[in-house]
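Here's the structure we're looking at; comments come further down.
Values quoted throughout were computed directly from the atomic coordinates according to the rules given, and no laboratory measurement underlies them. Quick caveat: nothing in here was measured; it's all calculated off a predicted structure. Reconstructed Cβ throughout: ideal geometry from the backbone, glycine too, with neighbour counts over all protein chains shown.
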Ligand SMILES: [Cu+2]
């Protein structure tokens, strides 16, 4: 079996083409395919989470209010659309002028809806204080704009911390031209987080201690393991000292973690097991949306190859993958073709492996596939920090360079200096680091860089030696190498 770990670096633009019962109830049948009536004037149509309305509609009435929702024993008076998390899937059609009335029924808070990734006039963008004044309690604001694009997008509040607490939903825009990727089944898979901790408390905690929610620090007990991995106690100690000098933790992958988050798939906790139905042999399109505030997910469906056909709403040259990573606010459409009469698990583990979201593609409602264990947690290296792995005595030749795909983090390989951007590099600090052994293959320096940006409140650190790691294998690489 070939290992394919997806990175968007491989994507080339293709052609221009084409619930909300929240899941808070843990109803496993939430994603069943059904024939749904077309909403003439969709009032946040009550369509099960993940299902796309049967027909697009240009007119929508949405109501924002707070609703008591409990998921995974975490109760929250959540700000949301239509009383559900996530809000309804809005299905539009390219070329239409859509009209969305958003009524704020919150008592004391403004609200707003921002259309993520949609090209529209600035006063329709829904960012209070920037392009409009927000929607006051009791008011209705009418968004009206023409749709120039198609694809998978999403919407979320841009007021206060409402998005972090549940005010988001999916947007699916049908293309004007025939869609090259029409499938028998079509589901939205919206990933997000759920917690009963106040978002303002989270920010306050993080301001005081940046690894407040990281409960997996390296300790004296893990030093032996580190020493074995680093090739000696001295190397392991030096590594820890470098991290210590930066006042950072190598294990600080996500600022907020599964310690307080439950990861949701279409609003369902892992135990809720969202279901999407298929008949064996059918092609199923899954529109993944990362609607979380903090979490990157690594997604796979054991036993199924995924064909990535769209990224952030843009059709791409199809790429088959076994796993891909989705960052916050990104969308990826994939097509799968389950051939067996069995359940397949959609497994989305958080990048830091402190939890996962999970759902099931199944031929019959209520089925559950095996849930794989999470992969080992990643530990950051100096390469991840853009600082290379150079140690005293090592030569530049040993350092990972741009385009060094296939080199595991922290690994070493023989690379020419080609492609390396030396501009802005502080060479003074490199004495004793083996510059004398720099290979002769190094091309002449081209210094056309204006230099690093100023360090200020907005820009607090700049990588000394930026390294392009888009081609690097993902965190799942070692696992996949092991099983293949
Ligand atoms: Cu956004």
Subject >> the stretch 94-117-the stretch 251-277 distance, computed between alpha-carbon centres (Å) >> reply: 26
**OP:** Can you grab the distance from the C-alpha centre of the stretch 162-197 to the C-alpha centre of the stretch 322-349, Å, no decimals?
**Re:** 14
Subject >> Highest to lowest packing among 180-193, 296-309, scored as the average C-beta count within 10 Å >> reply: 180-193, 296-309
Original post:
Exposure proxy check: 292, 198, 159 ranked by fewest other beta carbons within 10 Å?
Top reply: 198, 159, 292
Subject >> Extension reserve of the residue 248-residue 70 stretch, reckoned as 0.36 nm per residue once the Cα distance is removed >> reply: 60.6 nm
Original post:
Which residues in the stretch 122-140 have a backbone N closer than 20 Å to a point placed 7 Å from the Cα of residue 456 along the Cα-to-Cβ line?
Top reply: 130
